[in-house]
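The values are calculated or read from the model by the stated rules, or taken from the named source; none is laboratory data. If you're wondering where the values come from, they're calculated on a predicted model, not measured in any experiment. Neighbour counts are summed over all protein chains in view; Cβ atoms, including those assigned to glycine, are modelled from backbone coordinates with ideal geometry. Side chains are part of the model used for accessible areas, which takes the heavy atoms of the whole protein and leaves out ligands, DNA and RNA. Shrake-Rupley method; radii C 1.70, N 1.55, O 1.52, S 1.80 Å.
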Amino acid sequence: MTANEAMEATEVIGGRSLWQDAGRRLLGNKAAATGLVILAVVAIASFVGPYLLPWSYDQIDWDHIEALPPDIAMGHYLGTDSLGRDLLARTLVGGRVSLTVGILATTVALLIGVTVGAVAGFVGGRTDQLLMRFVDLMYSVPLTFFVIILMVLFGRNFTLMFIAIGAVEWLTMARIVRGQTLALRGKEFIEAARASGGSTPAIIWRHIVPNVLGVVVVYVTLTIPQVILLESFLSFLGLGVQEPMTSWGMLINDGAVELQINPRTLIVPAAFMTVTLFCFNFLGDGLRDALDPKDR
Amino acid sequence: MSAPLLQVKDLAVHYKVRAGGVLWGKYQSLKALDGVSFDLKAGQTLGIVGESGCGKSTLGRAILQLVPATSGTVAWLGAPPPELKALRREMQIVFQDPLASLDPRMTAGDIIAEPLRNYRKDLSREQIKAEVRKVMAQVGLLPSMINRYPHEFSGGQCQRIGIGRAIILGPKLVVCDEPVSALDVSIRAQVINLLMDLQRELGLALVFISHDLAVIRHISHRVLVLYLGKAMELAERESLYAAPRHPYTQALMAAVPIPDPEKERAKPRVIVSGDIPSPLYPPSGCVFRTRCPKATEICAQVEPPLESAGQDHMVACHHWRDGRGRD
Ligand code: SF4
């Protein structure tokens, strides 16, 4: 075998990236892996489930205008609410709304927060001051007030809500990313990148962002439940989605009103939401352990 | 003789630091590097030696303009250096901590290829890959490890990756900032020899920074001794090691054991005690006087100029002529 062939033969030595290592550790963590599976189930059920049910979420079963207990034969697997609408269908559709808001708003927060944080931390100086003081300023605006103003100006709509929530959530993200970036900026590999002729945007994109992503991912899994809670809070105030569309927050709100007569309408959506939030938190914890920056 | 590759004149780097509390402290300038000059010819090695905190790393970074120079000039091929991006193509750097200087989330191949991505946008992926493999073989890495990540390599291998990244653009000068001091003793010689081989093959000039006199002696043609940001002695290797003129150089050498017991016994004993003074408050006159065994009145008042003490041998000391009987 010639040297060349030997080289070809050993061609496939792959490397294990830090991400792959982390993935393995994450799946080894029982709580996190379970959380991940349950989340997947809840997500699939919310997005696909409503199409498979005999009743749609806004369809009123005129024969059962009073809240009906679970009735398999009728196709109301978890019964109906006080208006005769299928509770399971409503809960799943509500989950779809809540999860969508959670994920979209977090994505908005992620994009803005990472960009602002990385630029502020890396460029430093006046840019940093300017961006971070803006963040401070935004922090001081009360959320509800901010959302109400937006609603008044632009009317109630779904897109607006996640923009509003995202616009608030990115602040913390920006601070976290900036802190991480400051720590990274002093590392030798950043200096090496500069010596290699990398421009500032290239260095931020190639070196800073991938290296803060670990922390960001953890934060994202903790932000999604926060956003879901925020959305329910807004819905509770009547600033959220509009009937007959619904979300977990609204369902819980409705259920709370009927707590005495019909606790089922509260318990079902509350159970879904609690389990989901728990799973996100377990997943976040697991991710943090898996990505533990021992600074190798 | 043509113009030297690199001509450093009176280079100074002063940092502004806040002394005494964040709120009430005032800014003071810390002279990390203060008026250092030297020439470097193509294909030659300049060794820079000194204790930690003497400004040797700052000097290396100032040459590459990774830290801004407060004053002084760096001439490249006898002319003012071209603009930054073009300059960095000609000069590269190898860092002290091999692992910290590699991005943990990039593969070895991507790390070595990074300068190419910045400078040779005309190359296709395949061409870049071929180039990386060539360089990997050159620095003694198996090209099959191209997809591995830094944490999967040993310290010595990481340093080879760092060297590969430094030479891929075909620079004329590589600054090596303590490239072996973080490595295992058994690996050091390999990396040093690799650098010397590359120097011969590629005609590289090296600025080799180290606190280790033995390593410097092995690799350098000329040696610059730094203390508190100032040049103490600058000489050809043979001349410096045979007859160190400056008390500080003598002290450094005295601290290195010589394998030959005869010579070990015969070598001059220069005892240096005490710590390096803070560069924020450097001593007046000669910066070395607080620890110098030969210090006299004049040392505290007048700063000794760097003067010629033989062919190609410069020294900054008022009393270098005294006590030469020991050479
Ligand atoms: S000038 Fe004086 S203090 Fe400085 S090294 Fe020479 S003898 Fe020592």
message = How far apart, in nanometres, would the label points at A:D21 and A:L52 be if each is projected 7 angstrom from Cα along the Cα-to-Cβ direction?
response = 4.0 nm
query = Averaged across the residues of B:101-109, what count of C-beta atoms belonging to other chains lies within 10 Å of each residue's C-beta?
reply = 6
request  = Indicate, rounded to the nearest 5 percent, the antiparallel portion of the DSSP beta bridges found entirely in the stretch B:109-249.
outcome  = 55 percent
ask   = Per-residue accessible area for A:M245 at 1.4 Å probe radius, Å² rounded to 10?
value = 60 Å²
inquiry  = What are the ³J(HN,Hα) couplings of the stretch B:306-321, residue after residue, when phi is run through the Karplus curve with 6.51, -1.76, 1.60 and θ = phi - 60°? Round to Hz, x for glycine and proline.
reply    = 7, 10, 6, 10, x, 5, 6, 9, 10, 9, 10, 7, 6, 10, 5, 6
key: Rounded to 5, the percent of DSSP beta bridges in the protein assembly as shown classed as antiparallel   = 65 percent
ask   = Given a Förster radius of 56 Å and the C-beta distance between B:V256 and A:R133 as r, what FRET efficiency does 1/(1 + (r/R0)^6) yield to the nearest 0.05?
value = 0.55
inquiry  = Can you give me the solvent accessible area of B:Y15 with a 1.4 Å probe, rounded to the nearest 10 Å²?
reply    = 90 Å²
query = Along the positive direction of the dipole of the protein assembly as shown (beta-carbon charges: Lys, Arg +1; Asp, Glu -1; about the Cα centre), which of A:G198, B:Q92, A:P50 reaches farthest?
reply = B:Q92
ask   = Roughly how big is the A-B contact, given as buried accessible area in Å² (both sides, 1.4 Å probe, nearest 100)?
value = 2800 Å²
Estimated inter-spin distance, A:T34 and B:A42, nm [label 7 Å along Cα→Cβ] = 7.0 nm
note = With Cα springs under 10 Å, the Gaussian network model of chain B assigns the largest mean-square fluctuation among B:R245, B:R120, B:R237 to B:R120
inquiry  = Which residues does the label zone of A:M245 cover in the stretch A:21-49, counting backbone N under 19 Å from a point 7 Å along Cα→Cβ?
reply    = A:46-49
query = Among the listed pairs A:K187/B:K16; A:K187/B:K129; B:K9/B:K134; B:K41/B:K134; B:K134/B:K230, which are separated by more than 32 Å between their Cα atoms?
reply = B:K9/B:K134; B:K134/B:K230
request  = Heavy atoms only, probe 1.4 angstrom, no DNA, RNA or ligands counted: give me A:E243, B:E297, B:E236, A:E188 ranked by accessible area, highest first.
outcome  = B:E297, A:E243, B:E236, A:E188
Using a Förster distance of 30 Å, the FRET efficiency for B:V185-B:Y15 (Cβ separation, nearest 0.05) = 0.35
query = Looking only at other chains, what is the average number of their beta-carbon atoms within 10 angstrom of each beta-carbon in A:192-205?
reply = 6
key: Per residue accessible area in Å² of the stretch A:156-296, where ligands, DNA and RNA are left out and the probe is 1.4 Å   = 42 Å²
ask   = Ordering B:D103, B:D10, B:D34, A:D285 by how much accessible area each has at a 1.4 Å probe, largest first, what is the list?
value = B:D10, A:D285, B:D34, B:D103
query = Given the Cα-Cα distance of B:A242 and B:L77 and 0.36 nm per residue of separation, how much length would full extension add, in nm?
reply = 56.3 nm
note = One finds, for A:V257 and B:Y27 with R0 = 56 angstrom and r their Cβ-Cβ distance, a FRET efficiency to the nearest 0.05 of 0.30
key: About the Cα centre, charge dipole magnitude for the protein assembly as shown (Lys/Arg +1, Asp/Glu -1 at Cβ), debye   = 2060 debye
